1. Compute the projected area of the convex hull of the Cα atoms of region 67-141, averaged over all viewing directions, and report it in nm² to one decimal place.
2. Taking K and R as +1 and D and E as -1, what net charge do the other residues with C-beta under 13 Å from the C-beta of ILE27 add up to?
3. Can you sort THR24, THR30, THR64 by how many other beta carbons sit within 10 Å, fewest first?
4. Per-residue HN-Hα couplings for region 91-101, Karplus 6.51 cos²θ - 1.76 cosθ + 1.60 at θ = phi - 60°, whole Hz, x for Gly and Pro?
5. Which of the peptides 33-45, 118-130, 71-83 is most tightly packed, and how do the rest follow, going by the mean number of other Cβ atoms within 10 Å of each residue?
6. To the nearest 20 debye, what is the magnitude of the charge dipole of region 67-141 about its Cα centre, counting +1 on the Cβ of each Lys and Arg and -1 on the Cβ of each Asp and Glu?
7. Determine which lysines satisfy two conditions relative to LYS115: a Cα distance under 24 Å, and not lying fewer than 8 residues away in the same chain.
8. Using a simple spin-label model with points 7 Å from Cα along the Cα→Cβ vector, what separation in nm is obtained for ARG94 and LEU132?
Amino acid sequence: MSEISTSEMSTTSSGTSQYCACGTKIIRQTSLIDLSPGRRFDACDKNWNNRRGMHYFEWVDNETCPRGKQVVPGLLRRLRAMEEEGRAKEEQLRAVEAKKKELQQKLKEMVQEKKVLEWGHGQRQLIMWVSLIFFLGFVYNISDEWEVVIVMGFVPFECNGSEMCISVP
């Protein structure tokens, strides 16, 4: 049922292993390799790349049946492909969210710029109307008697110092 490595391990009074002879804790893992897919094993945490003989290693489950050896590797490949696709979709989502944030900032800036431009346009109109009112008030104050003459298109000017003359265009 199980293969035991040549490395020793310490056991508790209940018979379950806890530490490899090197002093590192033994942990239960599941094989994801195509030769033993889904098969559980106990191994020293320092047992990298299945270095048997150097650190503790023992299979917990029986060897995978021939049909399982045919089916499970394909399923594992599909699972890995789906996981990779999920990571790619997450990356795309992050890129789209970053672009959305950038566009929202641009929109905010454009709205602010529009408000400034609208305010400036309103200020120009206000200045134009105030200027026109002052100009009309100034023209009206020149002389009440010349108001009709000016409105009709005649322009008053001085002739001999004290009298007023009218120029016809």
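1. On the way: hull surface 22.2 nm².
One quarter of the hull surface, i.e. the mean projection, equals 5.5 nm².
2. Details: positive: LYS25, ARG28, ARG40, LYS46; negative: ASP42, ASP45, GLU58.
Charge balance in the 13 Å sphere: +1.
3. Working: THR24 15, THR30 12, THR64 19.
In order of increasing Cβ crowding within 10 Å: THR30, THR24, THR64.
4. 3J(HN,Hα) across region 91-101, in whole Hz: 5, 4, 4, 4, 5, 5, 5, 5, 5, 4, 4.
5. On the way: 33-45: 16.4, 118-130: 10.0, 71-83: 12.2.
Going by the mean number of other Cβ atoms within 10 Å, highest first, we get 33-45, 71-83, 118-130.
6. Numbers: 16 positive and 10 negative charges, 136 e Å.
Around 660 debye, computed over region 67-141.
7. In chain and number order, the partners are LYS100, LYS101, LYS106.
8. 6.0 nm
Since every read-out is calculated from the coordinates, none of them should be taken as a lab result. Just so it is clear, the structure is predicted and the values come from calculations on it, not from any experiment. Neighbour counts run over all protein chains shown; Cβ positions are idealised from the backbone, glycine included.
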